[in-house]
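Undergrad: Got a structure for you, questions after.
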Amino acid sequence: MAYEKIAIHQQNIERVNANLKQSRVLANTGIKPGADTALFLSELSKARIELLNAQQQAKVTQLLLGQWMVTDALPVPADTAFLNKLPLFVPSADTSFAATPVIQSGKSQLLISQSKEALLKKSFLPRLNIWGTGFARGSGFQADGNIKTWDGLGLNRFNYGAGVQLVFPIMKYGEVKKQLLQQNLLSKAAEERIEENKQILSTQQSIANAATSNSLAVAAETRQQLTSAQYAFKAMQVRYNTGLVNFSDLIQAQYNLLKAELDIRVAYWDAWKALLLQTAVKGDENLFLNAIR
């Protein structure tokens, strides 16, 4: 958009230059006063200032984009499709937002909270423990009273046991009940956050639908505005050259043409931005990618 504005202002300078040359011819022949030439010189300076401002804005935009993309070598954009065609748009009424990352994240948090809640509920249940134990030692003392020292290095005395244990966590009932209540409230809070995000996304979707519809309507009007401005400027040029209108009428027509050229680019640009907002709300980048293919 910034580069397109530069091109439009350069075209405007060419128009002012052409009018300046014509005004000099008309002044020399006595058809127009010499003051018109001075006025056109003033308009030329104004047009050049607008071009310089547009170039500065393009540079600032380029530097910011380079900062976000972490690069110092941004190419000059060659694709102007966003400023010459409108996206196909179908308003969406879907309020599930299942593919939106913020909703998916919220559902994951809710699932984690509900899993913790289920785990706490199971802590009330009795636990059945099965255990076993074994013990062995060596001894050099024999049953008949003899001592065999080296026999103590081996294992010849064994003890073992096995059992089951049923545990009822009666003393933890109060503590677990409080934890369960707390986790239940956290789960409800997660559900409310999901509903709140859905309401926010629903509002954003309505805004995106309204913005896109309005942008398409504005783009249709700016096309008519540009066609009329181009016709009016050419007609005013002819009438000025023949002495039928004054400087102010021609400059006003020229200003209207410049504004129409800028307005139609902005209208197209806004339509694509509105579609991008729609894509962000739905969480599906294919909505935007399919429109530019």
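Undergrad: Quick one: is residue 27 small (Gly, Ala, Ser), within 49 Å of the chain's Cα centre (by Cα) and either open to solvent by 30 Å² or more (accessible area, probe 1.4 Å) or modelled with pLDDT under 95 (or both)?
TA: Numbers: small (Gly, Ala, Ser): yes; within 49 Å of the chain's Cα centre (by Cα): no; either open to solvent by 30 Å² or more (accessible area, probe 1.4 Å) or modelled with pLDDT under 95 (or both): yes.
Considered against the rule, which asks whether it is small (Gly, Ala, Ser), within 49 Å of the chain's Cα centre (by Cα) and either open to solvent by 30 Å² or more (accessible area, probe 1.4 Å) or modelled with pLDDT under 95 (or both), residue 27 comes out as no.
Undergrad: Ok, one more. Just to be sure I understand the filter: pairs with C-beta atoms under 9 Å, separated by 6 or more residues or on different chains, first member in segment 1-13 and open to solvent by 80 Å² or more (accessible area, probe 1.4 Å), second member charged (D, E, K, R). Which pairs pass?
TA: Filtered contacts from segment 1-13: 11/261.
Undergrad: Another question, if that's okay. Scan segment 250-263 for residues that are within 18 Å of residue 39 (Cα to Cα) and open to solvent by 40 Å² or more (accessible area, probe 1.4 Å) and jot them down.
TA: 252, 255, 256
Undergrad: Using beta carbons and a limit of 7 Å, which pairs, at least six apart or on different chains, have the first residue in segment 179-203 and over 18 Å from residue 116 (Cα atoms) and the second one open to solvent by less than 40 Å² (accessible area, probe 1.4 Å) and outside any helix (DSSP H, G or I)?
TA: 198/97; 201/97; 201/100
Undergrad: Shifting gears a bit: Can you tell me which residues in segment 1-36 are more than 18 Å from residue 252 (Cβ to Cβ), out of contact with any Pro (no Cβ under 7 Å at 6 or more places or on another chain) and among the hydroxyl-bearing types (Ser, Thr, Tyr)?
TA: The answer is 29, and nothing else.
Undergrad: Any idea how many residues of segment 264-281 are more than 11 Å from the chain's Cα centre (by Cα) and either among the basic types (Lys, Arg) or open to solvent by 60 Å² or more (accessible area, probe 1.4 Å) (or both)?
TA: The qualifying residues number 2.
Undergrad: Could you tell me which residue of segment 111-144 is nearest to residue 160 (Cα to Cα), considering only residues that are of a type in the set (Gly, Ala, Ser) and part of a loop (DSSP other than H, G, I, E, B)?
TA: 138
Undergrad: With the condition kept exactly as written, say whether any residue in segment 57-64 is in contact with a helix residue (DSSP H, G or I) (Cβ under 6 Å, 6 or more places away or on another chain), in a helix (DSSP H, G or I), within 30 Å of residue 218 (Cα to Cα) and among the hydroxyl-bearing types (Ser, Thr, Tyr).
TA: Looking for residues that are in contact with a helix residue (DSSP H, G or I) (Cβ under 6 Å, 6 or more places away or on another chain), in a helix (DSSP H, G or I), within 30 Å of residue 218 (Cα to Cα) and among the hydroxyl-bearing types (Ser, Thr, Tyr), one finds at least one in segment 57-64, hence yes.
Undergrad: Quick check on segment 99-117. Is at least one of its residues loosely packed, with under 11 Cβ neighbours inside 10 Å and either under 19 Å from the mean Cα position of the chain (by Cα) or modelled with pLDDT of 90 or more (or both)?
TA: Among the residues of segment 99-117, at least one is loosely packed, with under 11 Cβ neighbours inside 10 Å and either under 19 Å from the mean Cα position of the chain (by Cα) or modelled with pLDDT of 90 or more (or both), which makes the answer yes.
Undergrad: Among the residues of segment 178-198, are any at pLDDT below 90, within 18 Å of residue 106 (Cα to Cα) and among the small types (Gly, Ala, Ser)?
TA: Looking for residues that are at pLDDT below 90, within 18 Å of residue 106 (Cα to Cα) and among the small types (Gly, Ala, Ser), one finds none in segment 178-198, hence no.
Undergrad: Now for a different question. Going through segment 210-232 one residue at a time, which ones are more than 36 Å from the chain's Cα centre (by Cα) and either exposed (fewer than 14 other Cβ atoms within 10 Å of the Cβ) or closer than 19 Å to residue 25 by Cβ (or both)?
TA: 228, 231
Undergrad: Right, something else. Out of (1) of a type in the set (S, T, N, Q); (2) closer than 28 Å to residue 15 by Cβ; (3) open to solvent by less than 30 Å² (accessible area, probe 1.4 Å), the odd one out for residue 187 is which?
TA: Status for residue 187: all satisfied but (2).
Undergrad: Given (1) more than 30 Å from residue 79 (Cα to Cα); (2) surrounded by fewer than 14 Cβ atoms within 10 Å (Cβ to Cβ), where does residue 247 come up short, assuming only one miss?
TA: For residue 247, the failing item is (2).
Undergrad: Follow-up question, since we're still on this one. So is residue 39 touching a Phe, Trp or Tyr at 6+ places or on another chain (Cβ under 6 Å) and at pLDDT 85 or above or not? Lay out the reasoning, then the answer.
TA: On the way: touching a Phe, Trp or Tyr at 6+ places or on another chain (Cβ under 6 Å): yes; at pLDDT 85 or above: yes.
Taking the combined requirement at face value, the residue satisfies it.
Undergrad: Go through (1) in a helix (DSSP H, G or I); (2) in contact with a helix residue (DSSP H, G or I) (Cβ under 9 Å, 6 or more places away or on another chain) and name the single condition residue 243 misses.
TA: That leaves (1) as the condition not met.
Undergrad: Look at residue 88 and say whether it is open to solvent by 90 Å² or more (accessible area, probe 1.4 Å), within 28 Å of residue 208 (Cα to Cα) and in a loop (DSSP other than H, G, I, E, B).
TA: yes
The values are calculated or read from the model by the stated rules, or taken from the named source; none is laboratory data. The structure presented is a predicted model; accordingly, all values stated were derived computationally and were not measured. FYI the Cβ positions are ideal-geometry reconstructions off the backbone, even for glycines, and counts take in every protein chain you see. The protein model used for the area step is the full one, side chains on, heavy atoms only, and it has no ligands, DNA or RNA in it. Shrake-Rupley method; radii C 1.70, N 1.55, O 1.52, S 1.80 Å.
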